[in-house]
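In what follows, a single structure is set out as C-alpha cells and then discussed.
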Ligand code: NDP
C-alpha cells in the first residue's frame, strides 16, 4: 500500500516530512518518480497531469492538497466511484478570512485614497469612511467564517448560497434570488467553489445588477470572473474597483490589462495557502481509513462539484 504525491512544479518536501512524522512506515511515491503504481491506493494531488490517474489500478482515494477540488473534477478520465476529499483547516480558514477582512477594511477606510493624498501632501479629512454592506457568495467553510468575523467587526453582511438554510445570523439568499442579494450590498466577495454552475458567474450581466460603485473581491477561482467584463463594468460605473487574488491564467501574463488598471489590486493567489503541517494529518487519517473501511473525512460530493 502506498501514497503518491502528485504536485508538479511544487516543492513537496514539507508534505513528505509531515506525512512521515505521522506515519513513519508509510510508503510515499512522488511524481514523476513513481516506481510502483500497482501499490498506490491513495493520491494527494495539486494540479496533476490530466489522465494520469488511470496509471494506478488499485486507487481507492483521491485527496486534494487544498480546499478546492475543481482541479480534480476537471479530469474527465477519473473513475467516478473513487472518493475525493479536500482540506478543511483552521489555519487555511483564518488566513482567508484575514485576507478578505483586509480587503473590506482597505476599501471601507479608503487606504488607496490616503496613499495618494500622502504622495501629494494633501490633508483631507472629509468623508473618512465609505459605508459598506458586504455580500458573500458562498457561505461554506471559508465564506461562513468571513461572514462571522466581519459581523464581529460590526459590518453588515449578506450571504448567498446554493441551497435553503435556516437560522442564519444575517440575511441570506440562494439560487435565483441573486438579484435581491446584489441589491443589498456594495462589496461583493466571491468565495464559491468552481463548478459548471459557477464558472463565469462574475460577468457583465451580474455586474449590471449590482448597485453602482460596488467593490469586488475575488478570492475563489480565476474562472469565476469574465475578465473583460470586469473592465467594462468598471467603465460603466457598476464596479468601482476590485481586489483579485485569482486569475483565468496564472501567473497573470505581463501584457494583461489588469496590471495597469488603477482600480484593480492584484495579489498572486496567496489569499490562503495550505500549510502542510496543518493539513497532513487529515490526509494521513483518510489514508489509514482505507484499510479500516471507515468513512473518509472532508469527502466532497462529485455530483454537486464541491
Ligand atoms: P465549501 O464547499 O465549504 O462552500 C462552498 C459554498 O458555495 C457553499 O456555501 C455553497 O452553497 C456555495 N455554492 C456552491 N455552488 C453554488 C452556486 N451555484 N450558487 C451559489 N452558491 C453556491 O467551500 P470552501 O468555503 O471551503 O471553499 C470555497 C472555494 O474557495 C474553494 O472551492 C476554492 O476554489 C477557493 N479557495 C481559494 C483560495 C485562495 O487562496 N485564493 C484558498 C482556498 C480556497 P450551499 O452551502 O448552499 O451548498
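Here are the numbers for this structure:
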| item | result |
| --- | --- |
| Sequence ranges 20-30, 117-127, 254-264, ranked by mean other-Cβ count within 10 angstrom, highest first | 20-30, 254-264, 117-127 |
| Inter-probe distance in nm under a simple model that places probes 7 Å from Cα toward Cβ, at residue 130 and residue 277 | 3.8 |
| Residues 168, 52, 65, 191 arranged by fewest to most Cβ contacts within 10 Å | 168, 52, 65, 191 |
| Computed Rg/Rh of segment 47-99, alpha carbon atoms with Kirkwood Rh | 1.07 |
| Distance histogram for the chain (every C-alpha pair counted, 20 angstrom bins, percent rounded to whole numbers) | 31, 52, 16, 1 |
| Among 267, 85, 163, residue whose mean-square fluctuation peaks in a GNM of the chain (springs only between Cα atoms under 10 Å) | 163 |
| Stretch gain in nm, segment residue 199-residue 270, where the contour uses 0.36 nm per residue and the Cα spacing is subtracted | 23.5 nm |
| Angle between the chain longest axis and helix 90-108 axis [Cα atoms, degrees, rounded to 10] | 10 |
| Nearest 10 degrees, 0 to 90: helix 227-236 Cα axis against the chain principal axis | 10 |
| Stretchable slack from residue 236 to residue 109, in nm (0.36 nm times residue separation minus alpha-carbon distance) | 43.4 nm |
| 0 to 90° range, to nearest 10: angle between helix 141-152 axis and the chain longest Cα axis | 40 |
| At R0 = 25 Å, FRET efficiency that the Cβ-Cβ distance of residue 294 and residue 163 yields, to 0.05 | 0.40 |
| Theoretical gain in end-to-end length, residue 209 to residue 1 [0.36 nm per residue, Cα-Cα removed] | 69.6 nm |
| Mean residue ellipticity (222 nm) of the chain, computed from DSSP H runs ≥ 4 via -39,500 (n - 2.57), nearest 500 | -9000 deg cm²/dmol |
| Spin-label model distance (nm) - residue 254 vs residue 301, 7 Å beyond Cα toward Cβ | 4.7 |
| Dimensionless Rg/Rh of segment 90-266 - Kirkwood Rh, Rg from C-alpha atoms | 0.96 |
| Highest to lowest packing among 180-187, 150-157, scored as the average C-beta count within 10 Å | 180-187, 150-157 |
| Cβ-based exposure ranking for 35, 93, in which fewest neighbours within 10 Å come first | 35, 93 |
| Distance in nm between pseudo-label sites at residue 11 and residue 116 (7 Å out along the Cβ direction from Cα) | 3.9 |
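Bear in mind that the values in this text are calculations on the coordinates, not laboratory data. Fair warning: this is a prediction, and the values are worked out from it, not measured in the lab. Here Cβ is always computed from backbone atoms with ideal geometry, including for glycine, and neighbour counts include all displayed protein chains.
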